[in-house]
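Step one of this worksheet: look at the structure below.
The values are calculated or read from the model by the stated rules, or taken from the named source; none is laboratory data. Here the structure is a predicted model, which means the values were calculated and not measured. Here Cβ is always computed from backbone atoms with ideal geometry, including for glycine, and neighbour counts include all displayed protein chains. To get the accessible areas, we keep the full protein, side chains included, count just its heavy atoms, and leave off ligands, DNA and RNA. Shrake-Rupley method; radii C 1.70, N 1.55, O 1.52, S 1.80 Å.
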Amino acid sequence: MTQTSTPVPDADGASAPPSAPRPRAARIHPAWWVAAVSFVTVMSAAAFTAAPGLFVEPLNAELGWSRATIGFGVGLQVILYGLTAPFAAALMDRFGMRPVVTAALVVITVGALSTVWMSEPWQFILGWGLLVGVGSGSMALAFTATVTGRWFVARRGLVSGVLTAATASGQLVFLPLLAWIVENQGWRPASVTVAIAALVAIPLVLFLLRDHPADLGLAPYGGEYVPKPAPARGSAKRAVTALFDAARTGPFWLLAGAFAICGATTNGLVRTHFIPGAHDHGMPITVAASLLAVIGVVDVIGTIGSGWLTDRYSPRVLLGVYYTLRGIALLFLPSLMAPSVELPMVFFIVFYGLDWVATVPPTLALCREFYGEDAPIVFGWVLASHQIGAGVVAFAGGLVRDLTGSYDAVWYGAGVLCAGAALMSLVIRSRRADATSV
């Protein structure tokens with residue numbers, strides 16, 4: 001539904017609801033165009049998520065860095081990705097989405113380019129770990145929560161799934177390309193490609209992204225007109241306050257704990273260590289990268305499907321099922337590793353892809369259920385736990401490989417952790433039962 005008239009600014013500069021809104025005939029609600037621009041932007045910036053697993057072997061071979069050292073840099077990036085997200089969500093409330101996302105893309109570009117001239121581990125940690133981590137954190141799933149929260153009332157679960165799938169789509173586009181570049185040209189041109197991908201997304205954000213439906217005199221999709229709120233001041237304070245308020249409730253810790261395991265078993269483990277782990281068994285890097293890209297293809301289906309299911313079924317039950325199936329798949333993975341791609345490995349890739357970030361729409365739905373208007377910021381903190389889990393395992397996986405010569409113990413341990421995530425998800429009580437203080 002769409003309706004429009006000229007909004008009247010109030011004393012604080014916010015748009016007041018028009019006295020007599022007039023309907024505007026439109027074939028497509030502008031919310032869908034905002035979602036499309038957000039999808040393309042996140043997909044373009046997703047090149048940085050595809051690169052770390054490809055850099056492990058080249059950096060180890062050329063510069064002599066241990067896998068634990070490389071894993072530490074990658075781990076710092078994914079941790080900062082999570083810790084930056086809540087503050088980025090609050091900054092979007094203060095300054096708008098466009099300036100925050102544009103600044104993030106610039107920082108990613110600078111960080112990726114800086115690694116071209118590195119020769120010491122600290123330079124990798126500074127460029128890829130710190131700069132790319134902070135920049136990517138501002139483009140994190142808190143951005144998805146902000147877009148869906150402002151522009152959609154109906155179809156929020158579906159749109160959350162579509163925008164979450166944008167990262168996987170970017171992986172699909174960039175991973176085979178970056179793998180070919182690393183194999184044939186080296187890792188430095190791959191870093192330049194990552195920087196260019198972030199850079200070309202900037203014009204899309206500047207010229208096409210819109211901050212709020214009230215800017216166009218419209219209601220959000222499926223909802224009633226709401227005036228644009230005044231800019232929220234004290235962004236950092238609000239982010240910290242939202243954390244402290246949420247931390248007094250049991251559901252926050254259950255969601256954060258389960259999502260930490262989610263990050264450990266996706267970004268931290270599979271995205272970072274699947275390619276070098278497969279290479280240990282004789283599989284070419286380009287083939288392993290192609291398998292990881294297939295996960296990105298299937299993930300688009302799985303995440304959108306999860307959003308559709310979240311609109312219809314209990315998000316707690318969905319999370320319990322997703323984590324259980326993921327754990328079973330990881331327990332089988334060590335026996336599937338081989339120099340060539342066999343049918344059981346194809347089954348694992350498809351199955352894991354469907355489950356990859358299918359956890360996001362139900363987790364976001366539970367944040368909205370318990371934390372209302374603070375849901376994007378609280379989800380940012382839950383995402384921070386996701387990235388902390390990923391960062392720890394990115395480092396720990398490399399350390400275990402250095403010490404034992406194999407990734408097997410890491411795969412098995414991650415499978416067991418998923419059982420704990422399933423249990424935590426299933427015991428979250430509904431909002432009607434009220435969130436108990438801890």
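What angle, in degrees between 0 and 90 and rounded to the nearest 10, separates the Cα long axis of helix 250-263 from the longest principal axis of the Cα atoms of the chain? Result, in degrees: 40. Is the C-alpha gyration tensor of the range 110-197 telling us rounded, prolate or oblate? Criteria: a/c under 1.5 is rounded; beyond that, a/b larger than b/c is prolate, otherwise oblate. Judged from the Cα gyration tensor, the range 110-197 comes out oblate (a/c at least 1.5, b/c at or above a/b). Relative contact order of the chain: 27 percent, from C-alpha pairs under 8 Å at least 6 residues apart in sequence. For residue 308 and residue 335, a Förster radius of 25 Å and the Cβ-Cβ distance give a FRET efficiency of 0.15, rounded to the nearest 0.05. Sequence-distant contacts, meaning Cα pairs under 8 Å at least 6 residues apart, place the relative contact order of the range 330-438 at 31 percent.
How far is helix 408-426 tilted, in degrees, relative to the longest principal axis of the Cα atoms in the chain, given as a value from 0 to 90 rounded to the nearest 10? That helix lies at roughly 20 degrees to the long axis. Let a ≥ b ≥ c be the square roots of the eigenvalues of the Cα gyration tensor of the range 294-420; is it rounded (a/c under 1.5), or, if not, prolate (a/b larger than b/c) or oblate? Cα axes put the range 294-420 in the oblate bin. When the Cα gyration tensor is reduced to axis lengths a ≥ b ≥ c, the ratio a/c is 1.5 or higher for the range 345-404, and with a/b not above b/c it is classed as oblate. Note on residue 290/residue 120: beta-carbon distance plugged into 1/(1 + (r/R0)^6) with R0 of 30 Å gives a FRET efficiency of 0.40. Longest stretch of the chain clear of exposed loop sites (GluC sites (Glu not before Pro), DSSP loop, at most 15 other Cβ atoms within 10 Å, sites excluded): 1-223. When the surface is traced with a 1.4 Å probe over the full set of protein chains, residue 301 keeps roughly 110 Å² accessible.
Here the peptides 410-422, 111-123 are ranked by packing, the mean other Cβ count within 10 Å, and the order with the highest first is 410-422, 111-123.
Distance between the modelled labels on residue 153 and residue 230, one decimal in nanometres: 2.5 nm (7 Å Cα→Cβ projection). Between the helical axis of 360-371 and the longest alpha-carbon principal axis of the chain there is an angle of about 40 degrees.
Debye-formula intensities of the chain, expressed as log10 I(q)/I(0) at q = 0.06, 0.12 Å⁻¹, are -0.24, -0.95 (one equal scatterer per alpha-carbon, no solvent). Using a probe of 1.4 angstrom and keeping all protein chains present, the accessible surface of the chain works out to 39 square angstrom per residue.
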